[in-house]
Each structure stands twice: as C-alpha cells, then as structure tokens.
Amino acid sequence: MIAVDCLVKNIRQLVNPGSDRVARGQESGSLRIQENVCIGARQGMINFIGSEADCRSHCQLEPGGLELDAGTCVALPGLVDPHTHLPFAGTRQDEFSLKLQGVSYQEIANRGGGIKGTVGKTRAISLQDLVAVCRKRLDQMLLCGTTTLEAKSGYGLDLETELKQLQALRTVAQQHPVTIVPTFMGAHEIPDEFRGKNRDFLDLLLGDILPQVQEKQLADFVDIFCEDGYFSYGEAEYYLSQAAARGFKIKMHADEFTSNGAAELAARLSAVSAEHLIAISDEEIAKIAASKTACVLLPGVSFFLKLGRYAPAQKILAADGIVALGTDFNPGSSMISSQLLIFHLAVFQMGLTIEQALNAVTINAAYAIDRQHQVGSLALGKKLDLLLLDIPDYQYLAYHLGINPVHTVFKAGKLVVQNRQIIVE
C-alpha cells in the first residue's frame, strides 16, 4: 500500500503541461489530460496519481491525513511566475493618472517620480514594514493561483537597501506558503551618484554588495538591465561573466525596447533566461532558440504601457525556443500580480493558443527559474502544488474573462486556500 497524508479524489479533469521538464517549440502546444483521477502525496511530495479504483486498491490515508473531494473542479499545477519585482515600497497610481493625461515619463521623473521615487521610498521603509507589504502582495498572488515566484531586488541601488530587499524576501518566505526564488538585481538602474560611470557602479556591485549577498546566501540569480540608457552589451557581458564565475545563475533583461544583441549574449553566457524580448531580432531568435536559455515574455508591460507591440512568441516557438510567461510585477510598467491575467493577455494579444499559454505559466515558467524538477507539473516526486478551478474544463479558463476561478490551492501538500479564502494556520 502507498501511504499518503494528503489525498485529492474525484478530479474530473487533471491538466498537465506537455512535459515534466520543459516544453519547447511544438511540444508547448500539447497538454496531458486525465479524467476522473486521484492524486496523493506524503510529506508534500506526490507519490500517487491514478484512477479511483487504483486509489482504493493501493492508497492508504495516514491517521490525521487530509482527504478532499475535488467535486466538479479542474486541477492544474500551481502557477509559477518567473519575473517579479516584489519587494518595493510605495505605488505610483498618481503618476499613472498623469501618464493617461499625456504627461511624459521624463517630466514625471523631473518631479521626483518614476523609478527614483520608488528607490527613495524603498530606501526609507523599515525591514518590518517591507515584509508586511510583501506578505499582502503574496496573499493576492496566491489567491490567483501563483504558488512559486521569482523576485528581484533593484529598488535600492545601494548596499543597505539591496540587502534589505533580499532579507525581506527571505523573511516573508519563512512566513508565507508561496515559494520565493530570489534574484539580486542591483544593476537595475544607475544611481545619480554614478551617472556616466556605469563601470564604476558595476565594480561597486561586484566588489562590495555581491560578496555580501553570496555570504548571506540571499540570492540564487543575478540579473542586469541591458538597454540603451542603462547598461550596454559590453557592460552586461562583463558583469554577468563575473557573477557566473562566482557561482551565481544568471538572468538578463534583454531587448525590451531596442534590439542590441542582449538575447544572443544571454544564450552565449548560458543564462537560465532572457526576459522581455519585445524587440528581439530574427537572428537573435535563431540563436536563443538553439540554446537552453528560456525566453520569459512579459505581455503585461506591453499592455500596461500601451506599447502597441508584443514579444514575438510564435516566432520563438516556431524556431523551437522555450517560451515562459511572467507578470513583471512592478510599480512603473506592470502593476499586475495575477498570472491568470498574463495568461489571458498571451492568448488574446500575443497569439498563443490556450495550450501554449498553459505550458508557459507552468512548466516553462518553472524551467526559467531552474525549479522544473520541483514544480510546474503534477508528477511523481514533485511537490503537490495543486489548483482546483471552478470551471467545466481547461479551455473555459481562457474563455471566461474577469473572474477568478481558483477555488482551492494546495502548496507542498498543505491546504492553503479553500473556498477562495486563505487558510491561516
């Protein structure tokens, strides 16, 4: 008999991505569907998936274990968000209103707003208050089905605040069921005191801040914004090569507004992911699609900023590339915390099929943060991160807009959302 301490029975439709590791190219257009199944776990890890009859014959619920009838719900893996800027202070709804009235970004920045305003507020907030802010945001994400996410620093641009952001992520991760994968992104912007001295600032990050991040084990990844007006191709190559040599996995903000070869650089440096890619060239698509680097596309930015263009998802898939989707949750260009909304934008604005978009918010998103062996699909030996959706079938998820279908959430075998309410232990 298989001993389980968590058993979800009577799942009408269990929907898995096309692969348990990564779904690239054409494979991302397929899903694996099972009907009328049970799924069991012990100590948070899946150890049974099978029919009701097999469950009765082979599974034994341990004393004190949890058994739940899924009823008429559809089951999906917990959603993975591979790109957020979670730990920031303050919001910019006033600036957003000004933008809608035609006020330029530069004018807003001249008034002390924009990223500089967020940096100032993030520098001023206490660690305790920043943790509380992050916890509230994680609650909102969890209720929309996100069970694992990546989160970047980068609104400090100095030693004290960058470490505070990463420490806030560590602290809130110990308090909240959502898994957080931390990224050090001190190279997000150039602080005023280093304007025109990019290399000096990168040397400060490498010499003073990154060693402390590494010593305290505060980040898994290092990221940089490679874009005109920020950090150049050569500066990104220098910085990321140094970070990789120190044992960090690397990511890149690449080709967001201009095509500057950043996606090709990400592939050449064996980055786990290149992110944004709105302006990626056909030549870069060919190179990154031939690599193991994931393309994390962020349609929320195009939508929020009303850019009128989106990353060429279908071109990347046609070249056999890896497409993942993320929110880019941040106060300036994508105040979006729901991967379900990103899923809808991918279908309606980027031209992805329902199947491609589901692969992109589950297994491929997990691959883009190097967690595909733990989450992103419902498979033996993986964590029981499970959503029960109050919909008739998976296709309905794209069809009915403006609702939150997430009824129940399991995280590592623990019931954390039921009847659309977070369970407080």
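The values are calculated or read from the model by the stated rules, or taken from the named source; none is laboratory data. In this text, all values refer to a predicted model and were calculated from it rather than measured experimentally. Every residue, glycine among them, receives a Cβ derived from its backbone with ideal geometry; neighbour counts consider all protein chains shown.
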(Q) If the requirement is being over 18 Å from the mean Cα position of the chain (by Cα) and in contact (Cβ under 8 Å) with a residue 40 or more places away in the chain, which of these qualifies: Leu380, Leu386? (A) Leu380
Q: Please tell me if Val296 is under 18 Å from the mean Cα position of the chain (by Cα), closer than 23 Å to Thr146 by Cα, at pLDDT 95 or above and in a helix (DSSP H, G or I).
A: no
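Before we move on, is Leu386 touching a Gly at 6+ places or on another chain (Cβ under 8 Å), not assigned by TED's automatic domain parsing to the domain that holds Gly326 and not acidic (Asp, Glu)? Lay out the reasoning, then the answer.
Numbers: touching a Gly at 6+ places or on another chain (Cβ under 8 Å): yes; not assigned by TED's automatic domain parsing to the domain that holds Gly326: yes; not acidic (Asp, Glu): yes.
Considered against the rule, which asks whether it is touching a Gly at 6+ places or on another chain (Cβ under 8 Å), not assigned by TED's automatic domain parsing to the domain that holds Gly326 and not acidic (Asp, Glu), Leu386 comes out as yes.
So that you can scan it fast, the table gives a plain yes or no per residue for (1) within 21 Å of Tyr310 (Cα to Cα); (2) surrounded by fewer than 20 Cβ atoms within 10 Å (Cβ to Cβ):
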{"site": "Leu218", "(1), (2)": "no, yes"}
{"site": "Val222", "(1), (2)": "no, no"}
{"site": "Ala266", "(1), (2)": "yes, no"}
{"site": "Glu275", "(1), (2)": "yes, no"}
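Return the residues of the range 126-148 that are among the polar types (S, T, N, Q), within 17 Å of Ala168 (Cα to Cα) and surrounded by fewer than 22 Cβ atoms within 10 Å (Cβ to Cβ); say none if nothing qualifies. Quick ask: steps written out before the conclusion?
Within the range 126-148, the subset among the polar types (S, T, N, Q) is 126, 128, 140, 146-148.
Adding the requirement that they be within 17 Å of Ala168 (Cα to Cα) leaves 126, 128, 148.
Once the filter is applied, which keeps residues that are among the polar types (S, T, N, Q), within 17 Å of Ala168 (Cα to Cα) and surrounded by fewer than 22 Cβ atoms within 10 Å (Cβ to Cβ), the range 126-148 yields Ser126, Gln128.
So which residues in the range 66-101 are within 30 Å of Leu163 (Cβ to Cβ) and part of a strand (DSSP E or B)? Lay out the reasoning, then the answer.
Taking the range 66-101 and keeping what is within 30 Å of Leu163 (Cβ to Cβ), we get 78-96.
Result: Leu79, Val80, Asp81, Thr84.
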Q: Within the range 26-48, work out how many residues are in contact (Cβ under 8 Å) with a residue 40 or more places away in the chain and either under 14 Å from Ala3 (Cα atoms) or buried (at least 22 other Cβ atoms within 10 Å of the Cβ) (or both).
A: 10
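Would you check if Gly145 is touching a residue at least 40 places away in the same chain (Cβ under 8 Å), under 18 Å from His83 (Cβ atoms) and of a type in the set (Gly, Ala, Ser)?
Working: touching a residue at least 40 places away in the same chain (Cβ under 8 Å): yes; under 18 Å from His83 (Cβ atoms): yes; of a type in the set (Gly, Ala, Ser): yes.
In short, yes.
For residues that are charged (D, E, K, R) and within 18 Å of Phe221 (Cα to Cα), tally how many sit in the range 159-194. It would help to see each step written out before you state the result.
In the first step, residues of the range 159-194 are kept if they are charged (D, E, K, R); the result is 160, 162, 164, 170, 189, 192-193.
Now drop any that are not within 18 Å of Phe221 (Cα to Cα), which leaves 162, 164, 170, 189.
Counting residues in the range 159-194 that are charged (D, E, K, R) and within 18 Å of Phe221 (Cα to Cα) gives 4.
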**Q.** Residues being touching a helix residue (DSSP H, G or I) at 6+ places or on another chain (Cβ under 7 Å) and within 18 Å of Asp223 (Cα to Cα) - total across the range 281-329
**A.** 10
Q) Could you say whether any residue in the range 65-83 is closer than 30 Å to Ala168 by Cβ and either charged (D, E, K, R) or modelled with pLDDT under 95 (or both)? A) yes
Q: Could you list all residues from the range 42-61 that are under 25 Å from the mean Cα position of the chain (by Cα) and within 20 Å of Gln13 (Cα to Cα)?
A: Ile46
**Q.** Qualifying residues in the range 239-258 (those that are part of a helix (DSSP H, G or I), in contact with a Leu (Cβ under 9 Å, 6 or more places away or on another chain) and of a type in the set (A, V, I, L, M, F, W, C)) - the one surrounded by the fewest Cβ atoms within 10 Å (Cβ to Cβ)
**A.** Ala244
Q: Restrict the check to the range 330-352 and report whether at least one residue is buried (at least 24 other Cβ atoms within 10 Å of the Cβ) and closer than 28 Å to Ser241 by Cα.
A: yes
Q. Taking the stated definitions as given, is Val416 over 22 Å from Leu297 (Cβ atoms), out of contact with any Gly (no Cβ under 9 Å at 6 or more places or on another chain) and part of a loop (DSSP other than H, G, I, E, B)?
A. no
Q: Identify all residues within the range 302-315 that are surrounded by fewer than 24 Cβ atoms within 10 Å (Cβ to Cβ) and either outside any loop (DSSP other than H, G, I, E, B) or touching a Cys at 6+ places or on another chain (Cβ under 6 Å) (or both); write none if there are none.
A: Ser302, Phe303, Phe304, Gln314, Lys315
Q) Any chance the range 57-79 includes a residue that's surrounded by fewer than 19 Cβ atoms within 10 Å (Cβ to Cβ) and within 26 Å of Met335 (Cβ to Cβ)? A) no
Q) Any idea which of (1) within 24 Å of Arg92 (Cα to Cα); (2) hydrophobic (A, V, I, L, M, F, W, C); (3) in a loop (DSSP other than H, G, I, E, B) is the one Leu340 doesn't satisfy? A) (3)
